[in-house]
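Laboratory data are not the source of any read-out in this text; all were calculated from the coordinates shown. Here the structure is a predicted model, which means the values were calculated and not measured. Cβ placement follows ideal geometry from the backbone for every residue including glycine, while neighbour counts extend to all protein chains displayed.
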Amino acid sequence: MKKKLLWLVGFAFVSFALMLLTKVPALGLDKAEFCGQCHAMDEQVDTYLHSAHRLGATCGDCHIPHGLVYGATYKAYTGTRDVVAVLTDTTPQEIRVTKLGQDILQENCLRCHGEFLAQVGDTRKNDGKYCFDCHRSTPHQK
């Protein structure tokens, strides 16, 4: 029993360490080149590469939480979900962001554009809109 527990703890530790590696910038897992490997993302990658955001932000800068553990966990979850969808040929025709993804996008808008938005405030307050409700074509056309 003790040996099984030790193996389980070791497996959990290695799995957690591998998950955290998804946040290592040198691996390039946040870049359009990686995200664009899936044919379902062709339009998103193409529109991003023709936007001003390509000059200073990666896909992960907008779509992944920036905390190490939360970001790595979210990235591992969404990456696994996307791989399963591709392997089972259940990728949706139209890629849509989830409610959680919308909240992450908004937080990242506020994080990067905080100096400007300090004057405006969080646009979601008082039943307001997400930033991307008005800036829908930044950086993607839809």
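Quote the relative contact order of the chain in percent (integer), defining contacts as alpha-carbon pairs under 8 Å separated by 6+ residues.
That works out to 27 percent.
Only counting other Cβ atoms within 10 Å, I'd like I104, I95, I64 sorted with the fewest neighbours first.
Going from sparsest to densest Cβ surroundings: I95, I104, I64.
Can you return the lysines within cross-link range of K129? Criterion is Cα-Cα under 28 Å, with same-chain partners fewer than 8 residues away left out.
K31, K75, K99, K142
Could you please rank V84, V45, V97, placing first whichever residue has the fewest other Cβ atoms within 10 Å of its Cβ? Write out the running numbers ahead of the final one.
Details: V84 11, V45 20, V97 14.
Placing the least packed residue first, the sequence is V84, V97, V45.
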